[in-house]
1. Scan Lys6, Lys67 and give me the residue that is modelled with pLDDT under 85 and not in a loop (DSSP other than H, G, I, E, B).
2. I'd like the full set of residues that are acidic (Asp, Glu) and either at pLDDT 95 or above or farther than 17 Å from Leu37 by Cβ (or both), limited to the range 77-107.
3. Can you tell me which residue within the range 35-46, out of those that are touching a residue at least 24 places away in the same chain (Cβ under 8 Å) and under 8 Å from the mean Cα position of the chain (by Cα), is farthest from Ile94 (Cα to Cα)?
4. Check the range 38-47 and report whether any residue there is assigned to a strand (DSSP E or B) and farther than 20 Å from Glu97 by Cβ.
5. Going by what's in this entry, would Glu74 be described as at pLDDT below 55, assigned to a loop (DSSP other than H, G, I, E, B) and not hydrophobic (A, V, I, L, M, F, W, C)?
6. Filter the range 37-55 down to the residues that are farther than 18 Å from Asp84 by Cβ and acidic (Asp, Glu), then identify the one that is surrounded by the fewest Cβ atoms within 10 Å (Cβ to Cβ).
7. Can you spot a residue in the range 28-36 that is surrounded by fewer than 10 Cβ atoms within 10 Å (Cβ to Cβ), of a type in the set (S, T, N, Q), at pLDDT 85 or above and more than 18 Å from Phe99 (Cα to Cα)?
8. Kindly indicate whether Leu22 is touching a strand residue (DSSP E or B) at 6+ places or on another chain (Cβ under 8 Å) and at pLDDT 90 or above.
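The values are calculated or read from the model by the stated rules, or taken from the named source; none is laboratory data. Please read these numbers as outputs of a predicted model, since none were measured by experiment. Ideal geometry is used to build each Cβ from the backbone, glycine not excepted, and the neighbour counts take in all protein chains shown.
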Amino acid sequence: MSEDEKNIPVNENEGEELDNILVLNDEEGNEVEFEFLDLIDYEGEEYVVLLPVEEESEEPGEVVILKLEDTESEDEESYVSVEDENVLNKVFEIFKEKFEDEFNFVD
């Protein structure tokens, strides 16, 4: 598991149509779809919690946590990987607390 991914189970509402889909480009320029789960504010920074829509190479239920950065354009946002394992863990803990009734988290 890479350092910006954490394990959660599949959403209990799995059969419903997915809303809030973001399309991001990976390191190789391929488009990857993610379901937006939440925006977490931690120590003055904002982090998005995303669930990959197609999980071919991902473990089932793994989320991706990316830092939100402003760009020069007001219409665009930039998402960058989080290198600090402690920040990832704290953001994930906040996410788990907020959604403990909606997801069955596994350790």
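1. Working: Lys67 fails: modelled with pLDDT under 85.
None of the others qualify; the one that does is Lys6.
2. Taking the range 77-107 and keeping what is acidic (Asp, Glu), we get 77, 83-85, 93, 97, 100-102, 107.
If the condition is that a residue be acidic (Asp, Glu) and either at pLDDT 95 or above or farther than 17 Å from Leu37 by Cβ (or both), then Glu83, Asp84, Glu85, Asp107 are the ones that fit.
3. Only one residue fits best here, namely Leu37.
4. Residues of the range 38-47 assigned to a strand (DSSP E or B): 38-42, 45-47.
If we keep only those that are farther than 20 Å from Glu97 by Cβ as well, we get none.
Checked against the condition, which is being assigned to a strand (DSSP E or B) and farther than 20 Å from Glu97 by Cβ, the range 38-47 yields no hits at all.
5. On the way: at pLDDT below 55: no; assigned to a loop (DSSP other than H, G, I, E, B): yes; not hydrophobic (A, V, I, L, M, F, W, C): yes.
In short, no.
6. Glu54
7. Of all residues in the range 28-36, those surrounded by fewer than 10 Cβ atoms within 10 Å (Cβ to Cβ) come to 28-31.
Remaining after also requiring of a type in the set (S, T, N, Q): 30.
From the residues that got through so far, the ones that are at pLDDT 85 or above too are 30.
Keeping just the survivors that are more than 18 Å from Phe99 (Cα to Cα) gives 30.
So far as the range 28-36 goes, yes, one or more of its residues are surrounded by fewer than 10 Cβ atoms within 10 Å (Cβ to Cβ), of a type in the set (S, T, N, Q), at pLDDT 85 or above and more than 18 Å from Phe99 (Cα to Cα).
8. Numbers: touching a strand residue (DSSP E or B) at 6+ places or on another chain (Cβ under 8 Å): yes; at pLDDT 90 or above: no.
Here the answer is no, as Leu22 does not meet what is asked.
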